[in-house]
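Notes for the one structure printed next.
The values are calculated or read from the model by the stated rules, or taken from the named source; none is laboratory data. All values derive from a computational prediction rather than experimental measurement. Cβ sites come from the backbone with ideal geometry, for glycine too, and all protein chains shown count toward neighbours.
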Amino acid sequence: MKHFHTLQTNMARPEQFNDPFDYEPHPLSILAAEEVQRYIMEHPEIKEDANQGKMFGVLVVSLPRKDEGGRRKEIATEIQSEGSGIGFLAAYSGLLAGRNDWEWFVPPVFDAQDPNGYFKVHEREITEMNHKVELLEKELDHLYHQPDYLKMLRTTEDLLSEHEKKMKTAKVLRDMKRLQHNISPEEHAELVRESQFMKAEMRRIKKRCEELEQPWKEKEETLKNEITRLKVLRKESSDDLQRWLFSQYKMRNAQGETKDLIEIFNDYNGQLPPAGSGDCCAPKLLQYAFENNLQPLCMAEFWWGASPKMEIRHHLNYYPACRGKCLPILGWMLSKRKDEGGRTKEITSEIQDSKDSAQDSYTQNISPSSLLLPPSSKNILFEDSHLLVLNKPAGMLSVPGKTGEESVESMMREYLHDDVNPIIVHRLDMDTSGLMVIAKTKWTYTELQKQFLEHQVEKTYVALLEHMPEGKPLKGTISLPLRPDIYDRPRQLVDRENGKEAVTEYCITRKEEGRRRKEITSEIQDSKISVQDSCTPCISPSSFVLPPSSIKIFLRPQTGRTHQLRVHCAHQEGLGVPIVGDALYGHRADRLYLHAETLSFIHPKSGERLQFHCPAPF
C-alpha cells in the first residue's frame, strides 16, 4: 500500500481518537509529522512550493484486530509485509506544486484536476466565457474612444448648444419688445411664430442628433446585451458546475455509509459548502483510511513555510482543522466509529457541540470555578452602589455561553442576588485574565459605554511573548484592520480592505534591563488619580515552565476588536511573535499569558477618575 508509511516505534497508542478541532499532538502524530517534514526536505520540487505556505496533515492508523475477510485481510497482509501494522498517512491541503497526485501522499477524495474530466472541460468553457466578456468589455471601451464616435458627440453637442444660445438670445429680444406699450397685434403674432419656429427647429435638431447617434447606440446596446447574457450564463454555469463538483465528493464514515458534500452541509446548516470543501487534510486522510479499512488512532496538522498575508500561521506549528469547511464534514465522518474492540462509540462531544457553539477561543485546561475566589474576597477591587471592578481569572467566560458554562455575569448574579441586575460593560476573552468593570444599573452601564465609545477609558495589558521580535522597535504602534475568519471562527484575519480599524500601542521590556514594572507602565500610561492596588492573583503558581526566551510586553489598545492584542502580537505585519499560551495563534501552555493589568475610567456619578491596578500572576 503505497500511501501507508510504517512507523517503527514502541510508543503507546492513544486511548481514543483526538478531537481534530482541539488537541495537543500525540507523540505518534509528532513522529509521523517529522517523517513528512523529512520527506519535504528531501524533495526540492515539493519543498519549493511548500515554502510559499502549505498545510500538511498526518493520520496515524492501524488495522482493526478483527479481520472481516476480503479486502481487509488483503490489506492486512500487504501492510504487515511492510512492518508492524501501525503507520501513518500523509496529506496536503489543496494542490501541491500544482498537482494533487503525489504518490507519497493520499489521493484527493475526488480528482477534479483530470484535464479530460467533466470538471476541467466545463471549467474551460467558463474560462472561455470570461475571455469573451473581457474582449467585449474592451470592445465597448474602444467604441467610446473611436475618433468617429467622439466626433459625432462633439457635432451633436455643438448643434444643440448653438441653437440653445440662439433661442436664449431671441427670447431676450422678444421679451424686450413685449415690454413696449405700442406693440401692434401683428408684431405680437410674429413674436409668437418666431418662438414656435425656434422650438420646432430644436426638435428637428434633436431628431437629427438622434439619427447621428443611432448606429452607435445600436452597437453599444448589442455589446452590453451580449456581455449581460454571458455574465448570467457564466454564473449559472459556475453554480451548476460547483454543485456537480460537491456532489462528486462522496464522504465515507467508519460504518461504510456515504454522503456527498451537498447532503452533509444541507443537514448541518442548510447551505451549500464553501469553495474548497473536501480538499483539506483531515477529510482526505479519513476518507482514505475508511475506504481501506484502516483504524484511525490520532491525527495532527502542521503548517510549513511562509505565513499567508491575512491569516496567522507559523512554520511547523500544529493547527486544528478549520471549522467552516471541515467541521460539518468531520462531524459526519466521525459521528460513529469503532474502536479496536469493535465497539461503536461517538467521537468526542466537542465536535458535535461545535455546531451549536464556537468558544471565544480554544481554552486551556483550566477550571474557572476553582480559580475564582469567593466574590467577597480581594478579587473585587472596588464596589459601590453603581458599579464594581473585579479580577477575572483566565479560563472563564465574561458572559454566559450557549453551553451553560459559568461566567463572570452568572457569578455576579449569584453574588448580588435579586437586588441588582449586573451588566457587563466590556468583555475579556475567555483565556485572558484581569480587570473588568460591571455596572449595577442601566444608567451606569450607558454612561460607562459612552466613555468606551469616546475612548475615555484607559486600559493596559501585560503579556509574555514567546521571544523577542526581530527587527521591531521596543516601543511603537501597530495598526492592522481585523475581521472574523468566516471559515474558521473564532479566528480573526488581517484584512486591509474589509477589516475594521484596530490600533495597539506597545512597549517591550528586556529581561536584562531589570526595569521595574511600574517604570515600564509609566511609559505607556500616565498615572493620575486614586489607584486601587489590592488585587490578589487568582491563579496559583503553575508547574508550566516558561520558555527561557520569553519577554514581557505592555499593550495599550486604542480600539477594542476581538483578539486584537493576540493578532497584533502574532501576525507577521505586527510583532510576528505569539503570546505565550495562545492556542489559536501560537502554542498551547497552561494558560494564555495575557492579563488586563490596569483600568482607568471616570466614575459616572462622582466624576472622579478611578484607576485600578492588578498585577499579573506571571
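In table form, for the structure just shown:
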{"read-out": "For residue 547: the one exception among (1) touching a helix residue (DSSP H, G or I) at 6+ places or on another chain (Cβ under 7 Å); (2) modelled with pLDDT under 95", "value": "(1)"}
{"read-out": "Selection status of residue 238, modelled with pLDDT under 95 and among the hydroxyl-bearing types (Ser, Thr, Tyr)", "value": "no"}
{"read-out": "Index of the failed condition, residue 288 passing every other in (1) of a type outside the set (Asp, Glu); (2) farther than 22 Å from residue 59 by Cα; (3) not assigned by TED's automatic domain parsing to the domain that holds residue 134", "value": "(2)"}
{"read-out": "Test: residue in the range 279-290 that is in contact with a strand residue (DSSP E or B) (Cβ under 9 Å, 6 or more places away or on another chain) and of a type in the set (D, E, K, R)", "value": "yes"}
{"read-out": "Counted residues, the range 227-276 - those being among the polar types (S, T, N, Q), outside any helix (DSSP H, G or I) and in contact (Cβ under 8 Å) with a residue 24 or more places away in the chain", "value": "2"}
{"read-out": "Residues being in a loop (DSSP other than H, G, I, E, B) and either within 22 Å of residue 60 (Cα to Cα) or not assigned by TED's automatic domain parsing to the domain that holds residue 54 (or both) - total across the range 307-331", "value": "6"}
{"read-out": "Some residue of the range 293-306 being charged (D, E, K, R), in a loop (DSSP other than H, G, I, E, B) and buried (at least 19 other Cβ atoms within 10 Å of the Cβ)", "value": "no"}
{"read-out": "Qualifying residues in the range 15-60 (those that are free of Cβ contacts under 8 Å to residues at least 12 places away in the same chain and touching a helix residue (DSSP H, G or I) at 6+ places or on another chain (Cβ under 8 Å)) - the one surrounded by the most Cβ atoms within 10 Å (Cβ to Cβ)", "value": "47"}
{"read-out": "Given (1) surrounded by 10 or more Cβ atoms within 10 Å (Cβ to Cβ); (2) closer than 29 Å to residue 204 by Cβ; (3) within 60 Å of the chain's Cα centre (by Cα), number of the condition residue 147 does not satisfy", "value": "(1)"}
{"read-out": "Residue match in the range 555-565 (condition: of a type outside the set (Lys, Arg), assigned by TED's automatic domain parsing to the domain that holds residue 465, in a strand (DSSP E or B) and closer than 29 Å to residue 383 by Cβ)", "value": "yes"}
{"read-out": "Answer residue from the range 234-281, given it is crowded, with 16+ Cβ neighbours inside 10 Å and among the aliphatic types (A, V, I, L, M) and is nearest to residue 56 (Cα to Cα) among those", "value": "251"}
{"read-out": "Test: residue in the range 215-225 that is of a type in the set (Lys, Arg), assigned by TED's automatic domain parsing to the domain that holds residue 142 and without any contact (Cβ under 8 Å) to a residue 60 or more places away in the chain", "value": "yes"}
{"read-out": "Filter result (modelled with pLDDT of 50 or more and basic (Lys, Arg)) within the range 484-535", "value": "489, 491, 496, 500, 510, 511"}
{"read-out": "Qualifying residue in the range 440-449 (condition: in contact with an Asp or Glu (Cβ under 8 Å, 6 or more places away or on another chain) and at pLDDT 95 or above)", "value": "no"}
{"read-out": "Residue satisfying all of: in the range 392-432; touching a His at 6+ places or on another chain (Cβ under 9 Å) and not small (Gly, Ala, Ser); surrounded by the fewest Cβ atoms within 10 Å (Cβ to Cβ) among these", "value": "429"}
